[in-house]
1. In the list 139, 128, which residue meets the criterion of being of a type outside the set (Gly, Ala, Ser) and modelled with pLDDT of 70 or more?
2. Looking at (1) farther than 30 Å from residue 407 by Cα; (2) among the hydrophobic types (A, V, I, L, M, F, W, C); (3) modelled with pLDDT of 80 or more; (4) touching a Lys or Arg at 6+ places or on another chain (Cβ under 6 Å), can you tell me which one residue 251 breaks?
3. Collect the residues in the range 403-414 that are buried (at least 19 other Cβ atoms within 10 Å of the Cβ), out of contact with any helix residue (DSSP H, G or I) (no Cβ under 8 Å at 6 or more places or on another chain) and of a type in the set (D, E, K, R), keeping them in residue-number order.
4. Does residue 369 satisfy the condition of being at pLDDT below 95, more than 30 Å from the chain's Cα centre (by Cα) and not acidic (Asp, Glu)?
5. Using the structure shown, decide if residue 107 is modelled with pLDDT under 80, over 27 Å from residue 300 (Cα atoms) and not assigned by TED's automatic domain parsing to the domain that holds residue 298.
6. Has the range 154-162 got at least one residue that is polar (S, T, N, Q), at pLDDT 70 or above, part of a helix (DSSP H, G or I) and crowded, with 22+ Cβ neighbours inside 10 Å?
7. Would you confirm whether or not the range 383-394 contains a residue that is in the same structural domain as residue 419 (by TED's automatic domain parsing), at pLDDT below 95 and in a helix (DSSP H, G or I)?
Amino acid sequence: MSIRYLWKKSISIRLATSIGAIFVLMLLISSITYFLLINLDNIYVELIHEYEKEIQPVSLVGIRIAGADNSINRALISNDTEICHEEFVKAAAIVDREFDKLKLSEFKDKRERDLILEAKKEWKKGRDIGMEVLDHNSDPSSAESVKELARVDYHLAKSRARLWSAQDIAVSEIEEKLTTAHVWQERGPRTITALLFFGLVIAGGTGTATIRSITKPIRVLEEGAGRVSDGDFSFRVDMPFDDQIGEVGRIFNKTANQLEDSKIKLQRMATIDSFTGLLNRGEFERLLEVGLNAASKQGQPISLIMLDLDHFKIVNDKYGHQAGDTVLLEVVKCVENITRLSDVVARYGGEEFVVLLPHASKESAEILAERIRSDLGSKEISIDANQAIKITASFGVASFPQDAKQPDDLIKKADKALYTAKEHGRNRVICS
């Protein structure tokens, strides 16, 4: 008796064949779905692990260092070294504990481990200097104390910068894993959809219900992975099912929350220009306001130098941006070699830099600006093995309280003087 005959004559055989085909199909679908979910689950579990073991502890250390830095700034402003010393000692102890909690073995990337070790080294330098200055109950407004406290601020800023660089690496690793998750979610639904379509031909309504119950949440997760991988950490998925897919959705949402919080913290705490290593504009403006408040309370002058490289666009256009980068780094080296440790040097724009000079009159600032201008103009900057170029800069100088009493007004005065220097032929120092 042939199978064809049985197929035609036996309802049981047809039912058994249909059920068997559906069972095999469902088994295949279940296996693929389970494999997909397990891989997605593993990816998101790894993301959470990396956040809890790498990003979160590093963020906490950075926040604690910022708290210790605030004690230094309060010492400059309040002149109360005893209270500031107590605060700094407590803050330093907390930072030391948080550094000790960091387990380097949890950081898979050697660059992260090296950056954390560098951050710890810079922290210890700043901590030791701060302890020594504040422990001696010296006048924080004295030139020597301001100089030393500026060194503390410099080392703490470098320490935080190293921590944020380590975090950037960890975030990059998370983004790579999110991309992998996106690939899984992109390929998985296609395979499942094809199998479910075949199930629709065999099982009709059963196949339709299966497709809807599986593909809909997966497509939501796919959309979420795409949005997050594009940098939109505010996107959340709505998972109505209390199953493995729903759990993946909840893990996704938790990870997105943590990534969004981490991104906000990184944006708030970024203070260093990544190319030059100087303070960035935002941090400079914060320190300018702190410096003016301190100068006002102490009855001391404070001066601002703004400098802009002359014809820098020509350097980029003629010799290339790599040559322009070389010039910028040489300018930074020149400015840092001439300025004091207590001075605040920052990159204000593309080829524009600012120097804040605590306890410096306009005349002193003009002399310093002239030294920088002269030294910079005399340099021959090697842009390759066979070629060197010269660069000049224009300078604008303004002082508090002589020219302005508010941070924005002081910047405007210095910028206007800089503009005047440009109008009068460049390569000169103009005072407000």
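The values are calculated or read from the model by the stated rules, or taken from the named source; none is laboratory data. It should be emphasised that the depicted structure is a prediction, and the values quoted were computed from it without experimental measurement. Heads up, the Cβs are rebuilt from the backbone with ideal geometry, glycines too, and the neighbour counts pull from every protein chain shown.
1. Details: 139 fails: modelled with pLDDT of 70 or more.
Of 139, 128, the one residue that is of a type outside the set (Gly, Ala, Ser) and modelled with pLDDT of 70 or more is 128.
2. Condition (4) is where residue 251 drops out.
3. The first filter runs over the range 403-414 and keeps only residues buried (at least 19 other Cβ atoms within 10 Å of the Cβ), leaving 403-404, 407, 410-411, 413-414.
Checking which are out of contact with any helix residue (DSSP H, G or I) (no Cβ under 8 Å at 6 or more places or on another chain) leaves us with 413-414.
Matches in the range 403-414: 413 only.
4. Working: at pLDDT below 95: no; more than 30 Å from the chain's Cα centre (by Cα): yes; not acidic (Asp, Glu): yes.
Judged against the criteria, residue 369 is not a match.
5. Numbers: modelled with pLDDT under 80: yes; over 27 Å from residue 300 (Cα atoms): yes; not assigned by TED's automatic domain parsing to the domain that holds residue 298: yes.
Criteria met by residue 107.
6. Let us first name the residues in the range 154-162 that are polar (S, T, N, Q), namely 159.
Right, trim to at pLDDT 70 or above and you get 159.
Keeping just the survivors that are part of a helix (DSSP H, G or I) gives 159.
Next cut, crowded, with 22+ Cβ neighbours inside 10 Å only: 159.
Yes, the range 154-162 contains at least one residue that is polar (S, T, N, Q), at pLDDT 70 or above, part of a helix (DSSP H, G or I) and crowded, with 22+ Cβ neighbours inside 10 Å.
7. no
Every residue, every condition in (1) surrounded by fewer than 16 Cβ atoms within 10 Å (Cβ to Cβ); (2) modelled with pLDDT of 75 or more; (3) of a type in the set (D, E, K, R), yes or no:
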residue: 187; (1), (2), (3): yes, no, yes
residue: 194; (1), (2), (3): yes, no, no
residue: 207; (1), (2), (3): no, no, no
residue: 210; (1), (2), (3): no, no, no
residue: 213; (1), (2), (3): yes, no, no
